[in-house]
Amino acid sequence: MNITHPESLIFWSVIVFAILFILLRKYAWSPILGAVRGREESINRALDAADDARKEVENLKADNEKLLQEARIERDAMLKDAREIKERMIAEAKETAQTQADKIIKQAQVVIEGEKQAAVVELKQQVASLSVEIAEKIVKGQLSDQEKQLKLVDTMLDQVTLN
Amino acid sequence: MIIVGNSFRRFFHLALLFCSFGAIAQDHQTHPSETPEDTSFDATKLINSHISDSHEFHIADWNGKAISLPLPVILWTDNGLVTFMSSAFHHDEEGKVVVERGGQQFVRYQDEIYYADANGTVSFEGEGNVVNSRPLNFSITKNVFTLMVTAAIMLLVFIPIANSYKKNNRAPKGISGFLEPLILFVRDDIAIPNIGEKKYQKYMPYLLTVFFLIWLGNLIGLIPFFPFQGTLTNDLLFTGVMATITFLITIFSGNKGYWGHIFATPGVPKWLLPIMIPVEVLGMFTKPFALMVRLFANLTAGHIIILSLMALIFIFETAWISPVSIAFSLFMYGLELLVAALQAYVFTLLSALFIGQAVEEHH
């Protein structure tokens, strides 16, 4: 091939290319590249956000777990406390009841003792008076004739000497 | 090199994809509309006329008459600007038809427009060299027309795409879904690995424009009917302009390290510098020169082969050769579709590489 009138193609190539380049840069490449970059950024942002959300959920889960654990421990402690209180109360009640009972028993014993003493005293008096009456009657009977009186005197005298 | 190899593989797959549907499309286009008019068939002339620039856009021949689209002739003469349509020459390329405009006479001899001499024609000296002087010629030639068509298609394709991004900031749809991977390919596999993450943005518009202009220009050249047919990269001047722009960008973005490498190559003894400097300076120019020739030669070679295969039918003067011609040129068409994309890739890649070398940070 022959190269003829080179100036025409060089001239128009430069002009057309320059116009094409300027127009495309302004109206095509900048918006397209910008949009693509924007989209890439937004995708990255969305991925980051999703990552964050997942982490947050995980944290939340861990928090919940911790809370649950704490609640469980607290419940156990409370149950333990309640059991202890119950036992203490029962023990205290038992103790109080015991002392109360003891006191009542002691009082009863004292009363019984007193009654017993009174009864014994009364019995003694009655026995004494009965004895005296019986003795009176016996004495009256025995001393009704002379012989018997003398015998008695003899016996008594024997006893005295024997002593 | 690994990055280049990787991106090359990706690119190859991409190119194969285009090949596959391109091959179907070109099936019925292999019948050349360019049947020769006279009995004596000259294949060289046919091929030359197809790959050369011209003042007319040749569409077809009908009953021995050429049908073509006349393009404006714009001349900067001694008396100022002169314009007329190329149809004024009536397809004459031998300097026989004289066109008179603004008191000046013009003749056309083998695509070049001269001032007619006193005899109203061109005169020669020695081995057919024309002695006539000629005006500066700023005509819209076939290749300029093709360039304008290509540029117009690019504007019509990419500006609406850019607008579609304003409305839709979600995943790309339609044609932008098809072209966005290519744009990202230029960005992620050509610009960023070669120029670097920090500086690539400034050069993206140039790389994208070049990539799509060459690719689309090559593809348009493979469509064998009006208004396409013309191949941008068939013109050494066009590829030269592109290579020069890359060269200028390289030079103007060259940093201290780049110039230091040329005029005081590190690690080279002082006494060697008088040899090294010319070599390095020469290297500056051979790079864009190689760009220019590579881009020009690839598609041109393909076109010459296809045209030669078609010419076989007329050389052997039998239709029985046509299955061979068609089969081989089909194969060549497939190859050219691949080469069309490959050359766009190679040119863009090397431009990015040279720019990358110029802006590279030296530590």
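Bear in mind that the values in this text are calculations on the coordinates, not laboratory data. This is a predicted model, so every value here is computed, not measured. Don't worry about glycine lacking a Cβ; one is built from the backbone with ideal geometry, like all the others, and counts go over all protein chains shown.
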Next item on the list: Please give, to one decimal in nm, the separation of the simple spin-label points placed at residue B:96 and residue A:50, each 7 Å out from Cα toward the Cβ.
Entry: 7.6 nm
Note to self: Please arrange B:316, B:106 by how many other C-beta atoms lie within 10 Å of their C-beta, fewest to most.
What the structure shows: B:316, B:106
Notebook entry, point to check: Taking every eigenvalue of the Cα gyration tensor of the range B:161-275, multiplying by 5 and rooting it, what semi-axes result, largest first, whole Å?
Noted result: 36, 23, 10
Next item on the list: Evaluate the distance, in nm, between pseudo-label points positioned 7 Å from the Cα of residue A:60 and of residue A:40 along their respective Cα→Cβ axes.
Entry: 3.3 nm
Notebook entry, point to check: Listed here are the pairs A:55/B:198; A:26/B:173; B:202/B:287; A:26/B:199; B:65/B:142; B:202/B:256; which of them are more than 25 Å apart at the Cα?
Noted result: A:55/B:198
Checklist line | Descending principal axes extents, chain B, alpha-carbon based, whole Å | finding: 69, 52, 46
Next item on the list: Determine, for each peptide in B:339-347, B:218-226, the mean count of other beta carbons within 10 angstrom over its residues, then list the peptides with the highest first.
Entry: B:339-347, B:218-226
Notebook entry, point to check: Mind checking the alpha-carbon convex hull of the range B:72-139 and giving the volume per residue in Å³?
Noted result: 78 Å³
Next item on the list: Going by C-beta contacts inside 10 Å, put A:10, B:275 in order with the fewest on the left.
Entry: B:275, A:10
Notebook entry, point to check: Stokes-Einstein D for chain A at 20 °C, 1.002 mPa s, Kirkwood Rh over Cα pairs, in µm²/s?
Noted result: 69 µm²/s
Checklist line | Net charge dipole size for the protein assembly as shown [Lys, Arg +1 and Asp, Glu -1 on Cβ; Debye, nearest 20] | finding: 980 debye
Notebook entry, point to check: Arranged by the count of other C-beta atoms within 10 angstrom, fewest first, what order do B:111, A:51 take?
Noted result: A:51, B:111
Note to self: Just to confirm my numbers, what's the Cα centroid distance between the range B:276-295 and the range A:49-67 in Å?
What the structure shows: 62 Å
Note to self: Using +1 at the C-beta of Lys and Arg and -1 at the C-beta of Asp and Glu, which of A:91, A:49, A:143 has the Cα lying farthest in the positive direction of the dipole of the range A:23-162?
What the structure shows: A:49
Next item on the list: Working from the alpha-carbon coordinates of the range A:70-163, get Rg over Rh, Rh being the Kirkwood radius.
Entry: 1.72
Item checked: Per-residue average of Cβ from other chains inside 10 Å of B:197-210 -> 3
Next item on the list: Treat every Asp and Glu Cβ in chain A as -1 and every Lys and Arg Cβ as +1, leave all other atoms uncharged, and give the resulting dipole magnitude about the Cα centre to the nearest 20 debye.
Entry: 820 debye
Next item on the list: Return the distance in nm (one decimal) between the two label points of a simple spin-label model at residue B:262 and residue A:73, each offset 7 Å from Cα along Cα→Cβ.
Entry: 7.5 nm
Margin query: Could you work out [θ]222 nm for chain A from helices alone, using -39500 (n - 2.57) per DSSP H run of at least four and dividing by all its residues? Round to the nearest 500 deg cm²/dmol.
Written below: -34000 deg cm²/dmol
Next item on the list: Give the distance, in whole Å, between the Cα centre of the range B:84-148 and the Cα centre of the range A:1-34.
Entry: 27 Å
Notebook entry, point to check: Which far-off residues, 5 or more places away or on another chain, put their amide H under 5 Å from the one on residue B:59, with H placed in the peptide plane?
Noted result: B:67, B:68, B:69
Checklist line | Computed helical MRE - 222 nm, chain B, DSSP H runs ≥ 4 contributing -39500 (n - 2.57), nearest 500 | finding: -19500 deg cm²/dmol
Checklist line | Average silhouette area of the protein assembly as shown, convex hull of alpha-carbon atoms, in square nanometres | finding: 68.8 nm²
Note to self: Need the list of aspartates and glutamates near residue A:94 for cross-linking: C-alpha distance under 16 angstrom, and skip anything on the same chain fewer than eight residues off.
What the structure shows: A:84, A:102
Item checked: Cα pair distances in the range B:294-363, grouped into 10 Å bins until the bin that holds the longest one, percent each -> 19, 32, 22, 14, 8, 4, 1
